[in-house]
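Heads up, the thing below is written out as structure tokens.
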Amino acid sequence: MDYVSALVPPVVMAAFFIGLVVTIVKSQGGSNKAKEDAAVDAALARAESAGQSGPDA
């Protein structure tokens, strides 16, 4: 029975990891994709403008 107790934690962790990956893949795209893309584009634009107007400008 020691082999069962040794195998249970990796199997449980693998199942949760697979569930996490499936959830991430399913949440990509869809109705929120444009809103998420716009938020990322806005954050990148802010970062670029902050970098160009750095402390010595």
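The values are calculated or read from the model by the stated rules, or taken from the named source; none is laboratory data. If you're wondering where the values come from, they're calculated on a predicted model, not measured in any experiment. As a convention, Cβ positions derive from the backbone with ideal geometry for all residues, glycine included, and neighbour counts pool all protein chains shown. Keep in mind that these areas ignore ligands, DNA and RNA; they rest on the heavy atoms of the full protein, side chains included. Shrake-Rupley method; radii C 1.70, N 1.55, O 1.52, S 1.80 Å.
For the chain, what is the accessible area per residue in Å², given a 1.4 Å probe and the full set of protein chains?
89 Å²
For the chain, report the translational diffusion coefficient in µm²/s to the nearest whole number, using Stokes-Einstein at 10 °C, 1.306 mPa s, and a Kirkwood Rh over Cα pairs.
103 µm²/s
Could you size up the charge dipole of the chain around its Cα centre, putting +1 on the beta carbon of Lys and Arg and -1 on that of Asp and Glu, and report it in debye to the nearest 20?
240 debye
For the chain, what is the mean residue ellipticity at 222 nm derived from helices alone (per DSSP H run of n ≥ 4: -39500 (n - 2.57); sum divided by total residues; nearest 500 deg cm²/dmol)?
-28500 deg cm²/dmol
Would you work out which of Ile18, Val40, Ala50 lies farthest towards the positive end of the dipole of the chain, given +1 charges on the beta-carbon of Lys and Arg and -1 on that of Asp and Glu, about the Cα centre?
Ile18
With the full set of protein chains in place, find how many percent of the accessible area of the chain is carbon and sulfur; take the probe as 1.4 Å.
69 percent
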